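This report concerns only the one structure given below.
The values are calculated or read from the model by the stated rules, or taken from the named source; none is laboratory data. For clarity, every value in this text was computed on a predicted model and none was experimentally measured. Backbone-built Cβ (ideal geometry, glycine too); neighbour counts: all protein chains shown. SASA here: full protein model, heavy atoms, side chains in, ligands and nucleic acids out. Shrake-Rupley method; radii C 1.70, N 1.55, O 1.52, S 1.80 Å.
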Amino acid sequence: MTPIAGPCTLRPMASEIAEITAFLGGTPPFDTLPVGEVSALARVVTVSYARAGDVVLESGTMNDRLYVVRSGSVELRLAGEELTARLGAGSCFAYPSLLRGGEVRNTTIALEDTLLYSLPAEHFHRLRKDAPSFGAHFADDEAQRIRHALKQQKLGRMPELDRTSLEELVRRGDPVSCPPDATIRDAVRVMRDRDVSTLAICTTAGLVGIFTDKDLRNRVVAGETPLDQPVSAVMTEGPRTLSSHASVAEAMAMMAAGGFRHIPLLDSAGNLISILSATDILAFMGSNAIDAGMAIAKAPTPEAFVAASKQIDEGFAAMVGSGFHAIHAMRFTSALGEAAHRRAAELAEAELGPPPVPYALVVFGSLAREEQLVGSDQDNGLVLSDEIDADGRAYFERLGGRISDLLNDAGFVYCKGGIMAKEAGQRLTLGDWQRRYEHWIDSPTEDAVLRATIFFDMRCVHGSQSLVRELRRAVIGKVAASPLFISYLARDALRSKVPLGIFRNLVLEKSDDGHKVFDAKAQAIMPVIDVARTLALAHGIEAVGTVERLRALAEGGKMAKGDSQSLEDAFLFVNELRIAHQAVQVKAGDRPDNAIEPASLSPLERDYLKDAFSVIRNALDSLRRNQAGGIA
């Protein structure tokens, strides 16, 4: 290996500047800069040619340039030894040395004949200061870069929401209204007669407030306000409004910031023309999903239920295509899954008769965490009252079997591990469930904990909530008091082999068609779930969702806020990649999976993925030190 010689480094000729401008203009993060800025940079770029095996930069030397691979590829080796990255066209390197004053730690070697562009350090530092998007791309730690990546993903999904005006979502007409001196009783009657959930309160001068179902619940019923009082006493006064020409994105931002679900819309003259609801926006963004949820909940027969449930995949693809971000897509898909489980239980009860004792249908795993995507199997069980007798057990055997069969027909296939209500081991009384958990906690073994972790993500979706609350509180209290069991949970989490060197020293799996892939769920998402679960249970936190657990840990002072945010960002970033991958599969009519081809990712996405794996590995290392006793 030999360093690049002087003759291989050239200033571009005038004829090359246009080509350099075009290349940089389409390469992150230069594509975020104004065209004039990119053109000016092209004039100060130096072009370098390296033959295969040439050393571009050597560890221990000083560097004063940012490099961009124009064609070919290079590899980076820490101190000239340990492989840390392989980079292709469009990738930037050597910026860490510029961030720390010029010291080079990675030796960079051309893997093949390679063309490089390089930019003087002074321009790099100026752009980091003057162009926020450019600077965020070169943040000096993984957490900042992942946060920037999530922001870019969200912005990439916003154009349709920015282009669509609110007048396309709502009907023009005379909004349902009443005067402020109308009694609450009369206002509620108007809402009932006109079948609306929001009433505009108007004077001759215009809108002065709105009265919603929420106001009725919170201010009238809960507040015990007499119904003969004027509606102005309980209305939401001076609500924020938007022009009907405003975009869907503006309305979403206003609702999110204000924590409300209704916005009055005004025309150009300031007159009220309609009231926009959050449901209007959801219907626009994923009408298939909205329709599927309603059809599932109201399905009158098993056949109608199965047909409605088959729409879930299409609804998921519509949500992703309309701009839903990972956390919302997971929650909405989980809501449809919950509706399917609930309706399956209702239909089964209608066939078999009312249950002889109280019971709860519970779900485990991703559906319990509200993180379910399409293509999931069923993970559920029944918690039965301790008052049950032999006849009651026979009833629930039939009920559990019917629920599981209906769900399987609807696309929630039978669990290969037998975690479903049709299996006797998943139909237990409250006392039997408590004794099962006590055995796991008091006498842990590696094999038992491996099979039991899913049961520590539990949620009731139908039936007696009190049975499940009692069970969960007892379990969480017992786990928090057992450092031994927590250590076993931590060691189980450490089974995950996070490939920090993704696309570096990672041995990728082969898919059925021979393509090299990585498992986004097993190699990135599950480790975060495991870390959040272990730490939440260790500190007696009742939250079930991964993001909710991470936030609760930070709010309770059990995890540094920066660490919690970094893990959340890594979790959501990989889920964004996974969701986009599955949406493409659903649209193509293929069964969705978690196997993503490296070739489907951009060089920038691969860089961000590397950052995500670094954050996850650090969290697992912390778990090893603090909860697993340094073992595993």
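Quick notes on this structure:
- Of the residues making up segment 533-579, those that are open to solvent by 30 Å² or more (accessible area, probe 1.4 Å) and of a type in the set (D, E, K, R) are 542, 548, 551, 555, 558, 561, 563.
Conditions (1) modelled with pLDDT under 90; (2) in a loop (DSSP other than H, G, I, E, B); (3) under 25 Å from residue 493 (Cβ atoms), marked per residue:
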position: 591; (1), (2), (3): yes, yes, no
position: 599; (1), (2), (3): yes, no, no
position: 605; (1), (2), (3): yes, no, no
position: 608; (1), (2), (3): yes, no, yes
position: 613; (1), (2), (3): yes, no, yes
position: 616; (1), (2), (3): no, no, yes
position: 623; (1), (2), (3): no, no, yes
position: 629; (1), (2), (3): yes, yes, yes
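- Looking at 297, 318, 307, just one residue is open to solvent by 20 Å² or more (accessible area, probe 1.4 Å), at pLDDT below 80, assigned to a helix (DSSP H, G or I) and not basic (Lys, Arg), and that residue is 318.
- In the set 78, 111, 119, 99, only one residue is in contact (Cβ under 8 Å) with a residue 60 or more places away in the chain and either at negative phi or among the aliphatic types (A, V, I, L, M) (or both); that residue is 119.
- Exactly one residue out of 27, 32 is polar (S, T, N, Q), in contact (Cβ under 8 Å) with a residue 60 or more places away in the chain and open to solvent by 60 Å² or more (accessible area, probe 1.4 Å): that is 32.
- All positions within segment 137-168 that are modelled with pLDDT under 80 and among the aliphatic types (A, V, I, L, M): 139, 143, 146, 149, 150, 155, 158, 161
- Residue pairs meeting the criteria (Cβ under 6 Å; at least 6 apart or on separate chains; first surrounded by fewer than 19 Cβ atoms within 10 Å (Cβ to Cβ), in segment 374-403; second part of a helix (DSSP H, G or I) and not hydrophobic (A, V, I, L, M, F, W, C)): 386/431
- Some residue of segment 419-430 being under 28 Å from the mean Cα position of the chain (by Cα), modelled with pLDDT of 95 or more and outside the structural domain of residue 584 (by TED's automatic domain parsing): yes
- Count of segment 328-350 residues which are open to solvent by 30 Å² or more (accessible area, probe 1.4 Å) and among the hydrophobic types (A, V, I, L, M, F, W, C): 3
- Every residue from segment 439-471 that is open to solvent by 30 Å² or more (accessible area, probe 1.4 Å), in a helix (DSSP H, G or I) and of a type outside the set (Val, Ile, Thr): 439, 440, 442, 446, 447, 450, 451, 465, 466, 469, 470
- Scanning segment 202-225 for residues that are more than 36 Å from the chain's Cα centre (by Cα), farther than 16 Å from residue 270 by Cβ and touching a residue at least 12 places away in the same chain (Cβ under 8 Å) turns up 220, 225.
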